[in-house]
Amino acid sequence: MAEHLRPVLSSLPLAVAADIVARAIELRRAAGLLPLAVAVLDSGGHLVAFQREDGSGVLRFDIACGKAWGALGMGMSSRQIRDRLAARPAFQGALAAASGGRFVPVPGGVLILDAAGNAIGAVGISGDASDKDEYCAIEAVKAAGCGADPTEPNPAGREAGLERRAARLHHP
């Protein structure tokens, strides 16, 4: 009698995660940025897809995963985490300890949202300046047909912020 395995559904399909990785690398190349490491996690914090471009340092995997993992753990982008914890170093240290060092509170970690606004995963990118990493993350998520968590409370302010970051891509 053959055993039948039950499929286990993921919050984030591999095809979507792979698309986000590919689009982030395309954006990096188009903007002439430094080589990136791109990690995509599902809502449980499990790695679904990862690529590290040639020329990326060996720590880039851990940094990219830490940005995404922190975003999932706190339910907000890694930029928002950094901004909220700037005046709270003791709490930031506690989060780093509680996460076993997997918490990286700098821009570049973005939640991936479904149509209802639920976080179904996160992408973390490391390789260039954090603002540039974040730009690639947000734009890759949007290009893959998902929602990206806002990095600023006001959507109009968020768009203006993205435009400023895009302009800085070519003027470091």
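Between beta-carbons, use under 13 Å as the cut-off and find the net charge around CYS146, counting Lys and Arg +1, Asp and Glu -1.
Within the 13 Å Cβ shell, the charges total -3.
Calculated from DSSP H runs of 4 or more alone, at -39500 (n - 2.57) each and per residue, what is the 222 nm mean residue ellipticity of the chain, nearest 500? Don't skip to the answer; put the middle values down first.
Details: 6 runs with 80 residues, N = 172.
Roughly -15000 deg cm²/dmol at 222 nm, from the helical runs in the chain.
Towards the positive end of the charge dipole of the range 1-154, with charges on Cβ (+1 Lys, Arg; -1 Asp, Glu), say which of SER43, ALA31, ILE63 has the farthest Cα. The listed residue farthest towards the positive side: ILE63. From the largest down, the range 34-133 spans 36, 32, 24 angstrom on the principal axes of its Cα atoms.
Only Lys, Arg, Asp and Glu carry charge here, each on its Cβ (+1 for the first two, -1 for the last two); on that basis the range 1-97 has a dipole of about 400 debye about its Cα centre.
I'd like to compare 35-47, 77-89: which one has the highest average count of other Cβ atoms within 10 Å, and what's the full order after that?
On the way: 35-47: 21.2, 77-89: 17.5.
Descending packing order for the listed peptides: 35-47, 77-89.
What is the sum of charges around VAL48, taking Lys and Arg as +1, Asp and Glu as -1, for the other residues whose C-beta is under 12 Å from the C-beta of VAL48?
Net local charge, VAL48 excluded: -2.
Once the Cα gyration tensor of the chain is diagonalised, what are the square roots of 5 times its eigenvalues, in whole Å and ordered largest first, as equivalent ellipsoid semi-axes?
So the equivalent ellipsoid measures 25, 20, 17 Å along its semi-axes.
Highest mean packing comes first when the peptides 11-22, 104-115 are listed by Cβ atoms within 10 Å, giving 104-115, 11-22.
Please report the relative contact order for the range 14-169, taking Cα pairs under 8 Å with a sequence separation of at least 6, and give it as a percent rounded to a whole number. Don't jump to the answer; show the numbers that get you there.
Numbers: 316 pairs, mean separation 41.1, N = 156.
In percent, rounded to a whole number, it is 26.
In degrees between 0 and 90, to the nearest 10, how far off the longest principal axis of the chain does helix 14-31 point, with axes built from Cα atoms? The angle comes out at about 20 degrees.
All of the numbers you see were taken from the coordinates with simple rules; none came from a lab. Predicted model, so just to flag it, every value in this text is computed and none were measured. Positions of Cβ are backbone-derived with ideal geometry, glycine not excepted, and every protein chain shown enters the neighbour counts.
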